[in-house]
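**Student:** Take a look at the following structure, please.
The values are calculated or read from the model by the stated rules, or taken from the named source; none is laboratory data. A quick note: this is a predicted structure, and the numbers were derived from the prediction, not measured. No Cβ is skipped: glycine too gets one built from the backbone with ideal geometry, and neighbour counts run over all protein chains shown.
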Amino acid sequence: MVNFDKLPDGHIGTGFFATSFEQAIGLARKNSLWPLPFATSCCGIEFMATMGAHYDLARFGSERLSFSPRQSDLLMVMGTIAKKMAPVLKEVYIQMAEPKWVLSVGACASSGGIFDTYSVLQGIDRIIPVDVYVPGCPPRPEQIIDGILKIQELVGNEGLRRRYSPEYEHLQAKYNIE
């Protein structure tokens, strides 16, 4: 018999496993994320190391990077975001299909980092909602992997109807996203 680490709640029998539709979808989603890397500086280099053979992000179901917003469900924003780039980032987020999640990697994407200037956006959460923050300047590949695992946990436990809830619609309206 095959042993699985973390199966959703359900019934196991000889040759079958039964669970709710919502939990099966959550299990499938969390293990097949298609990230879109939006990398602008040194955090992007650390992400490249994360994708390399030593750390191998593919182990966690995120092997296929998507550079098309319409074919990705995880936006990974890494590095300094200039205010001129903010509308582009927001447009990329809007073009992503639901469900979608955002991972803010590094101090610059999360809070502007050391660049407290007129030209740098002081955190991407001013223009798009963020699900998980990864601290560091730049964060180590282990921290990026931990952020991916936190996103997977969030995706696996998210209900199918959450994206249609009044709270989610209010969040989107707060960021002027239709």
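**Student:** Under 9 Å by Cβ, and 6 or more places apart or on different chains, what pairs join a residue from the stretch 46-62 that is part of a helix (DSSP H, G or I) with one that is of a type in the set (Ser, Thr, Tyr)?
**Tutor:** Every condition considered, the pairs that remain are ALA49/TYR55; MET51/SER62; LEU57/THR50.
**Student:** So, in the stretch 93-110, of the ones that are without any contact (Cβ under 8 Å) to a residue 60 or more places away in the chain and surrounded by fewer than 18 Cβ atoms within 10 Å (Cβ to Cβ), which residue ends up nearest to GLU22 (Cα to Cα)?
**Tutor:** ALA97
**Student:** So which of THR50, THR19 ends up being over 23 Å from PRO129 (Cα atoms), surrounded by 11 or more Cβ atoms within 10 Å (Cβ to Cβ) and at pLDDT 85 or above?
**Tutor:** THR50
**Student:** Let me ask something additional. Considering VAL102, VAL88, which residue is aliphatic (A, V, I, L, M), at pLDDT 85 or above and more than 27 Å from ARG161 (Cα to Cα)?
**Tutor:** VAL88
**Student:** Go through the stretch 111-164 and report how many residues are of a type in the set (Phe, Trp, Tyr) and surrounded by 14 or more Cβ atoms within 10 Å (Cβ to Cβ).
**Tutor:** Number satisfying all stated conditions: 2.
**Student:** Filter the stretch 135-178 down to the residues that are of a type in the set (Phe, Trp, Tyr) and more than 19 Å from LEU89 (Cβ to Cβ), then identify the one that is modelled with the highest pLDDT.
**Tutor:** Among those residues, the one meeting the criterion is TYR168.
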